[in-house]
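Novice: Supplied in structure tokens, the structure appears directly below.
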Amino acid sequence: MPSIKDYTIATLGSHSALQILKGAKDEGFRTIAICEKGKSEPYRSYRVADEIIEIEKFANFFEVEEQLKAKNAIMIPHGSFVSYIGAEKVRDITMMHYGTRGILKWESDRVKSREWLVDAGIRVPKIFASPEEIDRPAIIKFHGAKGGMGYFVAKTPAEFYERISEYPEEKDYVIQEYIVGVPLYTHYFYSPLHDELEIMSFDKRYESNADSIGRIAAKDQLDANIHTSYTITGNIPIVVRESMLPDLFAMGRRVVEKSRGLEGVGQQGLFGPFCLEAIVAPDLKFYVFEISARIVAGTNPYIDGSPYTALRYDVPMSTGRRVAREIKEAIEGGRLKEVLG
Ligand code: AMP
């Protein structure tokens, strides 16, 4: 029988690497963390990596690809992997790679991902084609902005032009209707081996300064000219109202079904971990403003499992470990090709 001893699990040392590597070790794999020089301490300290390979910058990843191939390593992509290597270059990777590579281009393109979501019958916030159309609160997001930094809210075209002048170098942005409600990020896992969709957990982000601005009175905010920003600093676990679960499962399944046959994706479609990032309005309508087609950092609070994985598994099951378990089953069942893309 093919054995997992012949393989290694590798990922870049950032984002959700701790749980990916810990999960892989729990399933019996050898692990490699590829770290930027000077940033490997967490991976050493937490004992999650059997081996650490240091490179100057993540963008230089291709320098070590042959070395990884020689170790029969399987790369687990995460958010930093996509943003440092680029959705285009991900296609040039020749080592084994978990998940559909073509899908990363869809998730990283706001127009394309919206098309996919709408096609799957998912409610999305309105997009304003030009600043002149702004007739209600809108959130302005810069493309490729790292972790929400620099996003701002404007209610009128005049306010938009005033605020955008602070970012003269930014030409690529989207103007989205601002939905008043609570953020809810649903962490899914779709297994092509079992044709089963799981909901692993939920989170919301801990954003600076959006999550602290309510600590000062509105008048003081105005006096001090404080504007809201959305820089991610961490993640907060959530358990949802149980009656929302059927809809959340249905939404996830439709997104998986509609991913099949997308240009450059093939019939294999989306599989493994993914996340729908939504605002839930007071009428309990979900407005999905983004999809991540790989593991999200919002799963990090659940290294020891979530309340939902506790229902489904008898061991602590993080999303990182779920990925490793899927790969292990695929290897042992001679189906590895079905989870590589
Ligand atoms: P994003 O970078 O698209 O994930 O958005 C960063 C943060 O901005 C989210 O966590 C939300 O708090 C907020 N946000 C994004 N889009 C919207 C929206 N359409 N309405 C309200 N808040 C939003």
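The values are calculated or read from the model by the stated rules, or taken from the named source; none is laboratory data. Predicted model only: the values in this text are computed from it and were never measured. What goes into the accessible areas is simple: the full protein's heavy atoms, side chains included, and nothing from ligands, DNA or RNA. Shrake-Rupley method; radii C 1.70, N 1.55, O 1.52, S 1.80 Å.
Novice: Residue by residue through region 83-91, what is 3J(HN,Hα) from phi via Karplus (6.51 cos²θ - 1.76 cosθ + 1.60, θ = phi - 60°)? Round to whole Hz and write x for glycine and proline.
Specialist: So the J values, rounded to whole Hz, are 6, 7, 8, x, 4, 5, 5, 4, 5.
Novice: How would region 104-170 be classified by its alpha-carbon gyration tensor: rounded, prolate or oblate, with rounded meaning a/c under 1.5 and the a/b versus b/c comparison settling the rest?
Specialist: Values: a/c = 2.64, a/b = 1.47, b/c = 1.80.
Verdict is oblate for region 104-170.
Novice: Under 10 Å, Cα contacts only: if you run a Gaussian network model on the chain, which one of Ala218, Ala297, Ala24 comes out with the highest mean-square fluctuation?
Specialist: With Cα springs under 10 Å in the chain, the top fluctuation among Ala218, Ala297, Ala24 is at Ala218.
Novice: Then there's this: With a 1.4 Å probe and all protein chains kept in place, how much accessible area does Leu197 have, in Å² rounded to the nearest 10?
Specialist: For Leu197, solvent-accessible area is about 20 Å².
Novice: When the Karplus curve 6.51 cos²θ - 1.76 cosθ + 1.60 is applied with θ = phi - 60°, which whole-Hz ³J(HN,Hα) does each residue of region 72-80 get, with x for Gly and Pro?
Specialist: 6, 7, 10, 7, 9, x, 9, x, 5
Novice: Using alpha carbons only, how many angstrom separate the centre of region 256-277 from the centre of region 116-183?
Specialist: Comparing the Cα centres of region 256-277 and region 116-183, I get a distance of 26 Å.
Novice: For each pair in Lys39/Lys141; Lys89/Lys126; Lys25/Lys204; Lys69/Lys89; Lys5/Lys105, compute the distance between the two Cα atoms and list the pairs where it is over 24 Å.
Specialist: Over 24 Å apart, Cα to Cα: Lys39/Lys141; Lys89/Lys126; Lys25/Lys204; Lys5/Lys105.
Novice: A further question on this structure: Probe 1.4 Å, all protein chains in place: accessible area of Val180 in Å², nearest 10?
Specialist: About 110 Å², ignoring ligands and nucleic acids.
Novice: Around Gly305, which amide H atoms from residues at least 5 apart in sequence, or from another chain, sit under 5 Å from its own amide H, with H modelled in the peptide plane?
Specialist: For Gly305, whose amide H was placed from the backbone, the distant partners under 5 Å are Met317, Ser318.
Novice: To continue, here is another question. How much accessible area does Tyr84 have with a 1.4 Å probe, in Å² rounded to the nearest 10?
Specialist: 90 Å²
Novice: ³J(HN,Hα) across region 268-274 via Karplus (A = 6.51, B = -1.76, C = 1.60, θ = phi - 60°), whole Hz, x for Gly/Pro?
Specialist: Each residue of region 268-274 in turn: 4, x, 7, 8, x, x, 8 Hz.
Novice: Using a probe radius of 1.4 Å on heavy atoms only, what accessible surface per residue do you get for the chain? Whole Å² is fine.
Specialist: On the way: 15800 Å² over 341 residues.
I get 46 Å² per residue for this part.
Novice: Quick one: ranking Thr156, Thr94, Thr231, Thr309 by accessible area, 1.4 Å probe, largest first, what do you get?
Specialist: Result of the area sort, largest leading: Thr94, Thr156, Thr231, Thr309.
Novice: I've got another one for you. Please report Rg over Rh for the chain, where both radii come from the alpha carbon positions and Rh follows the Kirkwood definition.
Specialist: 0.97
Novice: Non-local amide H neighbours of Cys35 (under 5 Å, H modeled in plane, Pro and chain starts lacking H): which ones?
Specialist: Gly13, Ile53, Glu54, Ile55
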